[in-house]
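The values are calculated or read from the model by the stated rules, or taken from the named source; none is laboratory data. Everything numeric here is computed off the predicted structure, so don't read it as measured data. Cβ placement follows ideal geometry from the backbone for every residue including glycine, while neighbour counts extend to all protein chains displayed. With ligands, DNA and RNA removed, areas are computed over all heavy atoms of the protein, side chains included. Shrake-Rupley method; radii C 1.70, N 1.55, O 1.52, S 1.80 Å.
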Amino acid sequence: MTVEIPPIISVDDHVVEPPHLWREWLPSRYQDSGPRIVRAPYEMVPENGWPFRMATSGPETDWWVYEDLRYAIVVGMASAGRKPEEIGKEPVGYDQMRPGFYEPKARLADMDINHVERSLCFPTFPRFCGQTFHEAADRDLALACIHAYNNWMVEEWCGDSGGRLIPLCLIPLWDAKLAAAEVRRNAARGVRAVAFSELPAKLGLPSLHDTERRWDPLFRACEETGTVLCMHIGSSSQFLTTSADAPTSVRIAITAVNSQMAMADWLLSGVLARFPTLKVAFSESQIGWMPYLFERADRVWRMGNAASGLPPEITEPPSSYVAGRVFGCFFEDDFGLASRHAIGVDQITFESDYPHQDTTWPNTRAYAEHAMKELPSEDIDKIVRTNAIRMLELPPSLPG
């Protein structure tokens with residue numbers, strides 16, 4: 001028997017920024033120095049790391065040029081519609097992409113194909129939480145680039161979508177007070193999601209355990225505006241692996257380790273206790289590992305070992321701070337679905353990861369029908385739709 005899957009709200013997709021973004025949305029004084037696209041040759045690099053670089057001759061592709069950065073998009077980040085054997089390590093230019101990767105009307109058409117009603121999209125060139133601008137030399141220009149991105153996200157990417165494209169904004173990671181101001185600026189126009197790093201200390205930033213509590217202005221702004229901190233896998237600019245000679249498949253298989261470390265920080269830092277309505281989402285993290293982290297953190301708390309350094313504000317089991325506030329996001333995790341009650345059905349959200357190589361597009365509904373065929377309709381509705389509505393404070397239905 002085929003189960004009924006309601007229109008899906010995907011809480012993790014991706015947008016490839018169109019070439020005109022910073023050229024048109026930056027103030028005129030910055031337009032010549034902001035990110036821009038040039039066509040130039042590339043060559044493949046045999047050693048580990050980014051698999052290609054700009055060259056003086058050879059096949060050409062589109063390159064983002066910004067300060068000293070030369071960045072082309074690897075095909076795995078823009079691969080929806082390709083066969084697996086067509087997804088390698090080479091770069092992909094805009095002329096090789098589906099228009100839905102970067103054009104909002106075409107994106108809506110691809111969402112229609114996939115039974116996706118609404119979609120929250122992470123950036124590509126800025127990286128998952130805006131690391132590109134955090135690493136820039138000119139902070140004034142970087143801040144202007146973030147403002148321009150957010151204005152484009154709200155007004156152009158999402159603006160004419162009838163609420164189907166959900167805005168996700170960036171913050172200046174280097175200054176929590178500026179970040180708080182940007183959260184408030186965007187919340188005033190309806191934004192309820194901001195990108196944050198899963199492991200900020202890996203970016204040279206304060207951790208969640210920082211005794212000076214330098215993130216508090218940001219956390220306070222998010223709590224007061226109902227803005228969710230969305231932490232995409234890889235937003236620490238690192239992916240763990242087991243050895244230098246391990247194939248890429250090993251790194252891909254264990255990406256959720258990043259989210260497990262991040263979850264330990266959130267459960268055991270005291271931040272959730274100090275900000276009792278703050279919401280966080282672990283984007284593209286999968287969910288099957290979550291019950292163990294809850295159980296382990298609770299045991300550490302129960303032991304009460306003086307050497308554990310537990311913050312005194314954690315007065316209840318760490319897992320007690322999860323309900324209604326800590327969300328896991330998955331695209332394909334049968335074991336996680338089987339463990340949904342140990343996680344909390346109300347804490348699980350669904351995604352299609354379009355247009356990355358892991359995407360279930362155009363078969364996201366088909367996967368849900370198969371994986372959720374034994375679930376009661378109430379659980380299905382929460383997982384594919386109503387939990388996202390609650391998390392992001394969305395209207396229950398679209399206008400018209």
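How many residues, within region 201-217, are part of a helix (DSSP H, G or I) and either of a type in the set (Asp, Glu) or under 18 Å from Ala148 (Cβ atoms) (or both)?
Looking only at that region, the number is 1.
For Glu155, only one of the following conditions fails: (1) under 22 Å from Cys329 (Cβ atoms); (2) open to solvent by 30 Å² or more (accessible area, probe 1.4 Å); (3) not β-branched (Val, Ile, Thr). What is its number?
Single failed check for Glu155: (1).
Quick check on region 314-332: of everything there that is open to solvent by 50 Å² or more (accessible area, probe 1.4 Å) and part of a loop (DSSP other than H, G, I, E, B), which residue is farthest from Phe350 (Cα to Cα)?
Of everything passing the filter in region 314-332, Thr315 is farthest from Phe350 (Cα to Cα).
List pairs: first in region 227-241 and touching a residue at least 24 places away in the same chain (Cβ under 8 Å), second open to solvent by 10 Å² or more (accessible area, probe 1.4 Å) and small (Gly, Ala, Ser), Cβ under 9 Å, 6+ apart or cross-chain?
Here the result reads Thr227/Ala187; Ile233/Ala256; Ser236/Ala201, each pair linking region 227-241 to a residue that is open to solvent by 10 Å² or more (accessible area, probe 1.4 Å) and small (Gly, Ala, Ser).
Quick one: which helices (runs of 4 or more DSSP H) sit completely within region 116-189 and have at least 2 residues that are in contact (Cβ under 8 Å) with a residue 12 or more places away in the chain and closer than 19 Å to Arg23 by Cα?
Once the helices (runs of 4 or more DSSP H) in region 116-189 are filtered for at least 2 residues that are in contact (Cβ under 8 Å) with a residue 12 or more places away in the chain and closer than 19 Å to Arg23 by Cα, what remains is 131-134, 139-152.
Restricting to region 39-76, name every residue that is under 22 Å from Val15 (Cα atoms), assigned to a strand (DSSP E or B), within 27 Å of the chain's Cα centre (by Cα) and without any contact (Cβ under 8 Å) to a residue 60 or more places away in the chain.
Matches in region 39-76: Phe52, Thr61, Asp62, Trp63, Val65, Arg70, Val74.
Quick check on Glu198: is it in contact with a helix residue (DSSP H, G or I) (Cβ under 9 Å, 6 or more places away or on another chain) and not in a loop (DSSP other than H, G, I, E, B)?
Taking the combined requirement at face value, the residue does not satisfy it.
State the number of residues belonging to region 350-389 that are assigned to a helix (DSSP H, G or I) and either touching a residue at least 24 places away in the same chain (Cβ under 8 Å) or over 30 Å from Thr277 (Cα atoms) (or both).
Within region 350-389, residues that are assigned to a helix (DSSP H, G or I) and either touching a residue at least 24 places away in the same chain (Cβ under 8 Å) or over 30 Å from Thr277 (Cα atoms) (or both) number 19.
Within region 314-373, can you find the residues that are of a type in the set (D, E, K, R) and farther than 20 Å from Thr386 by Cβ?
Residues satisfying the conditions are Glu316, Glu332, Asp334, Asp353, Asp358.
Regarding Ser207, is this residue in contact with a helix residue (DSSP H, G or I) (Cβ under 7 Å, 6 or more places away or on another chain), surrounded by fewer than 18 Cβ atoms within 10 Å (Cβ to Cβ) and of a type in the set (S, T, N, Q)?
Against the criterion (in contact with a helix residue (DSSP H, G or I) (Cβ under 7 Å, 6 or more places away or on another chain), surrounded by fewer than 18 Cβ atoms within 10 Å (Cβ to Cβ) and of a type in the set (S, T, N, Q)), Ser207 qualifies.
Only one of Phe331, Phe335, Phe350 is touching a strand residue (DSSP E or B) at 6+ places or on another chain (Cβ under 7 Å) and either closer than 22 Å to Pro291 by Cβ or acidic (Asp, Glu) (or both). Can you tell me which?
Only one candidate passes the filter, namely Phe350.
Suppose we keep only residues that are part of a loop (DSSP other than H, G, I, E, B) and closer than 17 Å to Thr132 by Cα within region 7-30. Which one would you say is most open to solvent (accessible area, probe 1.4 Å)?
Pro19
Can you work out which of the residues in region 243-289 that are among the hydroxyl-bearing types (Ser, Thr, Tyr) and farther than 26 Å from Asn387 by Cβ is surrounded by the most Cβ atoms within 10 Å (Cβ to Cβ)?
Ranking the qualifying residues of region 243-289, first place goes to Thr248.
Would you be able to tell me the number of residues in region 134-153 that are of a type in the set (Phe, Trp, Tyr) and more than 16 Å from the chain's Cα centre (by Cα)?
1
Go over the candidates His370, His341, His356 one by one and state the one that is closer than 13 Å to Asp12 by Cα and surrounded by fewer than 22 Cβ atoms within 10 Å (Cβ to Cβ).
Going through His370, His341, His356 in turn, the sole match is His356.
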